[in-house]
1. Can you find a residue in region 75-94 that is outside any strand (DSSP E or B), among the β-branched types (Val, Ile, Thr) and under 27 Å from Ile160 (Cα atoms)?
2. Working only within region 79-98, note down all residues that are within 22 Å of Phe128 (Cβ to Cβ) and among the hydrophobic types (A, V, I, L, M, F, W, C).
3. Within the bounds of region 112-125, is there any residue that is surrounded by fewer than 15 Cβ atoms within 10 Å (Cβ to Cβ), closer than 24 Å to Tyr164 by Cα and touching a residue at least 60 places away in the same chain (Cβ under 8 Å)?
4. Hey, could you check region 149-174 for residues that are among the β-branched types (Val, Ile, Thr) and at pLDDT below 90 and say which is nearest to the chain's Cα centre (by Cα)?
5. Of all the residues that make up region 97-109, how many are in a strand (DSSP E or B) and either at pLDDT below 95 or over 17 Å from the mean Cα position of the chain (by Cα) (or both)?
6. With the requirement that a residue be exposed (fewer than 10 other Cβ atoms within 10 Å of the Cβ) and at pLDDT below 80, what does region 18-71 give you?
7. Here is a check on your reading of the model: is Val79 β-branched (Val, Ile, Thr) and in contact with an Asp or Glu (Cβ under 8 Å, 6 or more places away or on another chain)?
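The values are calculated or read from the model by the stated rules, or taken from the named source; none is laboratory data. Note that the coordinates shown come from a computational prediction; the quantities given were computed from them, not determined experimentally. Neighbour counts run over all protein chains shown; Cβ positions are idealised from the backbone, glycine included.
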Amino acid sequence: MAGVKITDLEVLTAPVAADLLYIVDVSDTTQSPQGTSKQITAENLIGQLPNIVSSVTGELVDNADTHNPIVKRPYLTWVGLVSQSGSGDPIFNEQENTLGVTIIFARISAGKYSITSSTDIFNTGRVFLLATSGATANNDCFLGVIGVSVNTINFFNYSIGSGYQDDFTDTSIEIRLYL
């Protein structure tokens, strides 16, 4: 198929071990200084991946296992940005949810809120809440946890100078449920 670009060819979505792939062998410069055109089977390429990819870096990586270097987190998580104003319930922009449940935020009273899961997954010994105070009317606000039950985490927004406070914007919240 001379004169046909690779980008013009049909896409193969389910290759088998014997399928051939085009490869340029840069260690063989008999055709050109850039390398020599060759073919390789899909099976041989996959079999060489542990030798080609010498290490993976980043969070949750264990290069002792060359076939599966990615290690699962020891927890499930919900991550989002939460905002609240007046006497309304907090609204949120969910960024990640590996908990497998629906999360609902509600305002209990001034400066006090609840996070409720659609299933009883919270266990007081395995739940960890990370939060920033976000943007508030007072610069000295901080968030804290009041209590945890099987499906609810209660938290507060507190100002050292003014007590419990409503009205915060883009507060980062992460719920971790350790396995």
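1. Scanning region 75-94 turns up no residue that is outside any strand (DSSP E or B), among the β-branched types (Val, Ile, Thr) and under 27 Å from Ile160 (Cα atoms).
2. Val79, Leu81, Val82, Phe92
3. No, there is no match, as no residue in region 112-125 is surrounded by fewer than 15 Cβ atoms within 10 Å (Cβ to Cβ), closer than 24 Å to Tyr164 by Cα and touching a residue at least 60 places away in the same chain (Cβ under 8 Å).
4. Thr171
5. Going through region 97-109 one residue at a time, the tally reaches 6.
6. Passing the criteria: Asn51, Ile52, Ser54, Ser55, Thr57, Gly58, Glu59, Ala64, His67, Asn68.
7. It is true that Val79 is β-branched (Val, Ile, Thr) and in contact with an Asp or Glu (Cβ under 8 Å, 6 or more places away or on another chain).
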